[in-house]
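Q: Dropping a structure here in structure tokens format, bear with me for questions.
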Amino acid sequence: MTDCAYAEIADGSYELFLFEKNHPLGLSGHFSSLMMARPDFDIKSVELPPVSEHDIQNMLRFKLRSLYPGNPDATVFDYTLLSRKNKKYAVLFITQKKTIETYRNLSHGRPLFLPFTLVKPLIRKYSEENYAFIFYHTRWIELMMVQSGMLVFSSVINRGESFEINFGKILALLPEYSEGLSLVFICAKEDTDGLNQAIRGSLDPGSSYRMVSIEELLGNLHKKNDFLFSERHKKRAVPHTLIIFFFTAIVLLLSVLILHKGVQQRKAYFEQLENRMKSYESQTLSMKSLENELKELESQWMELHSRAPANIYHILSELSRIIEGRAVITYFVIEKDSFQFEAVGQNPLDLMDTFKINKNFQSIKLLQSIPVQGTNKERFKVIGVVKNQ
Amino acid sequence: MLLWVFAVFTAGIVFYFKLEEMTSLGQKTAMLEKQVQKITMKAPNSDDLTGEKGLLVERIGMEKAKYYYRDEIDPYQFSTIIKNLLSEKGLYIKKYQTIEVKERTYLEYSVSGDALELAEFLRVVADSDKYWSIPFLSIDARKGDGTIDAVFRINYETINEKDY
């Protein structure tokens, strides 16, 4: 990220420079992100109680009143989190509202950062020791003292011409227990050699220190996602109540959808049943009409059949079957279904019994019987009716 | 927040109405299921009815075939048939005439001959393809010589084609 820029105050107004060779940046100059001037900010480190990330913002806003003397309405802050062995710290970057608005105007929406943004990966890297990071910039120097991975304090001084004076000021800022501190100097690549010589001249022989170039740290900047005062950064936490509302609404919506689906399925089944019922009804109607047709045909057949004439041959055959061997018919007359016959034979009364049980005849009466002289026979007359078949 | 309350309230109302609809549909479906079951059990077998109808149509056709249609035959043609049949069976026709009884014309025959020949004639009349009716018959065998004298009235049965 060599096209990063930084802002400096000159004659009461801001000027932008590229980190690369401290090249001044015109109004139309391109840069990817902007490092704000450290003297515009106050940096505080606050240990956090175990609260949710959403509540951190509110808690810090409340705590700010005791940390920063400025008018709360004109003050803005952002923070980044550091954690170490179950403890959580927030590093607060505090400034005036108008200052941030100026930076936002200068950056035209591009990401903003501070030296701490560049140093934070180093803090994680050297978390086992106590360090003093000294950020040498063109017009100011920031001292960041880190103890066991936690920022103890951060301070800034104006950079003077003499290294010894600058270094002396820095040492004066360090607390008494800082003798065992490891020093890490961060400066532009072009300043490395000069600074190295000056440091060696000022430090005791055998003292160790590290040098890290700003360009190297800027190279890692693209991996970070910890830019400051960005909208995205502020809106990172979704309120819990919103989540609960959202999930409740989702559950309710899903329930309604499932119920709706169930209703649709039941509707489809009901329509299927209705169609089946209609088809059965039309089938039943056609069955009814078929049954009526059958009844009509049956009555037609019965009418035709009832008109069939009596079978005289059958009547005579039946009569002769009854009488055969008992008598001889001498006269027979039938008109429609009434008949009469005259016969000669033995015991006509027995014959009457036989007629009675015959299903073809009814109302059989013996009208007259006259014994035939000189024989054991009788001449008799019988009348009767043929049963309607 | 207001929007959320409105959304939840709306969803709740929709849920309630859907639940009502579901319950009502459940009741309707159960009722319809019962009706379908009942109608299925009661429904007659269409194959049986169709078969029965075919049988009846066939029977009616056969029965109708035994009747003459109005213009199919007249009393003179019928008289010729009977006369020929009597002669064929060996019966002697003594007299025949037409008589009107209740607007119907009958042929009345007086015949003599063997009793068996008369019986054979009556059998042919009974077995004829068409319905021939004998509403009156008298047989006299009192002569005692094995022959009979018989008088009978005969006619044919007709149907009106339009009626059937």
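The values are calculated or read from the model by the stated rules, or taken from the named source; none is laboratory data. In this text the structure is predicted, and so the values were computed from the model without any measurement. Don't worry about glycine lacking a Cβ; one is built from the backbone with ideal geometry, like all the others, and counts go over all protein chains shown.
Q: Sort out which residues of the stretch A:334-377 are touching a strand residue (DSSP E or B) at 6+ places or on another chain (Cβ under 6 Å) and in a loop (DSSP other than H, G, I, E, B), and write them in order of number.
A: A:Lys336, A:Asp337, A:Val372, A:Lys377, listed by residue number.
Q: In the stretch B:21-75, which residues are at pLDDT 90 or above, in contact with a helix residue (DSSP H, G or I) (Cβ under 9 Å, 6 or more places away or on another chain) and of a type in the set (Ser, Thr, Tyr)?
A: Once the filter is applied, which keeps residues that are at pLDDT 90 or above, in contact with a helix residue (DSSP H, G or I) (Cβ under 9 Å, 6 or more places away or on another chain) and of a type in the set (Ser, Thr, Tyr), the stretch B:21-75 yields B:Thr29, B:Tyr67, B:Tyr68.
Q: Mind listing whichever residues of the stretch A:146-165 are closer than 12 Å to A:Ser127 by Cα and in a strand (DSSP E or B)?
A: A:Val146, A:Gln147, A:Met150, A:Leu151
Q: Give the number of residues within the stretch B:127-164 that are within 28 Å of A:Ala327 (Cα to Cα), in a loop (DSSP other than H, G, I, E, B) and charged (D, E, K, R).
A: 3
Q: Can you tell me which residue is nearest to B:Lys143 (Cα to Cα) among those in the stretch A:318-353 that are within 12 Å of another protein chain (Cβ to nearest Cβ), surrounded by 15 or more Cβ atoms within 10 Å (Cβ to Cβ) and of a type outside the set (A, V, I, L, M)?
A: Restricting to residues being within 12 Å of another protein chain (Cβ to nearest Cβ), surrounded by 15 or more Cβ atoms within 10 Å (Cβ to Cβ) and of a type outside the set (A, V, I, L, M), the top hit is A:Thr330.
Q: Any idea which of (1) surrounded by 14 or more Cβ atoms within 10 Å (Cβ to Cβ); (2) within 35 Å of the chain's Cα centre (by Cα) is the one B:Arg104 doesn't satisfy?
A: (1)
Q: Has the stretch B:34-54 got at least one residue that is surrounded by fewer than 12 Cβ atoms within 10 Å (Cβ to Cβ), over 46 Å from the mean Cα position of the chain (by Cα), over 29 Å from A:Glu303 (Cα atoms) and more than 7 Å from chain A (Cβ to nearest Cβ)?
A: The answer is no, given that none of the residues of the stretch B:34-54 is surrounded by fewer than 12 Cβ atoms within 10 Å (Cβ to Cβ), over 46 Å from the mean Cα position of the chain (by Cα), over 29 Å from A:Glu303 (Cα atoms) and more than 7 Å from chain A (Cβ to nearest Cβ).
Q: Looking only at the stretch B:152-161, decide whether some residue is away from chain A (no Cβ under 11 Å) and either crowded, with 16+ Cβ neighbours inside 10 Å or acidic (Asp, Glu) (or both).
A: There is at least one residue in the stretch B:152-161 that is away from chain A (no Cβ under 11 Å) and either crowded, with 16+ Cβ neighbours inside 10 Å or acidic (Asp, Glu) (or both).
Q: Look through A:Arg321, A:Arg276, A:Arg266 and report the one residue that is under 33 Å from the mean Cα position of the chain (by Cα) and either free of Cβ contacts under 8 Å to residues at least 40 places away in the same chain or assigned to a helix (DSSP H, G or I) (or both). Give the derivation first.
A: Numbers: A:Arg321 fails: under 33 Å from the mean Cα position of the chain (by Cα); A:Arg276 fails: under 33 Å from the mean Cα position of the chain (by Cα).
The match here is A:Arg266.
Conditions tested, residue by residue: (1) outside the structural domain of A:Leu16 (by TED's automatic domain parsing); (2) surrounded by fewer than 20 Cβ atoms within 10 Å (Cβ to Cβ); (3) closer than 23 Å to A:Leu92 by Cα; (4) touching a helix residue (DSSP H, G or I) at 6+ places or on another chain (Cβ under 9 Å).
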site	(1), (2), (3), (4)
A:Leu106	no, yes, yes, no
A:Thr138	no, yes, no, yes
A:Ile141	no, no, yes, yes
A:Met145	no, no, yes, yes
A:Leu151	no, no, yes, yes
A:Asp193	no, yes, no, no
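Q: Another question about this same structure. Answer with yes or no whether B:Tyr67 is more than 7 Å from every other protein chain (Cβ to nearest Cβ) and without any contact (Cβ under 8 Å) to a residue 40 or more places away in the chain.
A: Against the criterion (more than 7 Å from every other protein chain (Cβ to nearest Cβ) and without any contact (Cβ under 8 Å) to a residue 40 or more places away in the chain), B:Tyr67 does not qualify.
Q: Select from the stretch A:275-290 the residues that are more than 7 Å from chain B (Cβ to nearest Cβ) and either at positive phi or of a type in the set (D, E, K, R) (or both) and list them in ascending order.
A: Result: A:Lys278, A:Glu281, A:Lys288.
Q: Using the structure shown, decide if A:Glu293 is facing chain B (nearest Cβ under 7 Å) and over 24 Å from B:Ser133 (Cα atoms).
A: Values: facing chain B (nearest Cβ under 7 Å): yes; over 24 Å from B:Ser133 (Cα atoms): yes.
In short, yes.
Q: Can you confirm whether A:Gln265 is more than 7 Å from chain B (Cβ to nearest Cβ) and either farther than 30 Å from B:Met62 by Cα or exposed (fewer than 11 other Cβ atoms within 10 Å of the Cβ) (or both)?
A: For A:Gln265, the condition - more than 7 Å from chain B (Cβ to nearest Cβ) and either farther than 30 Å from B:Met62 by Cα or exposed (fewer than 11 other Cβ atoms within 10 Å of the Cβ) (or both) - is met.
Q: Ok, one more. Can you find a residue that is closer than 30 Å to B:Ser46 by Cα and not aromatic (Phe, Trp, Tyr) anywhere in the stretch A:331-352?
A: no
Q: Restricting the search to the stretch B:96-137, which residues are among the aromatic types (Phe, Trp, Tyr) and more than 11 Å from chain A (Cβ to nearest Cβ)? Reasoning before the result, please.
A: So the first thing to find is which residues in the stretch B:96-137 are among the aromatic types (Phe, Trp, Tyr), and the list is B:96, B:106, B:109, B:121, B:131-132, B:136.
Passing the criteria: B:Tyr96, B:Tyr106, B:Tyr109.
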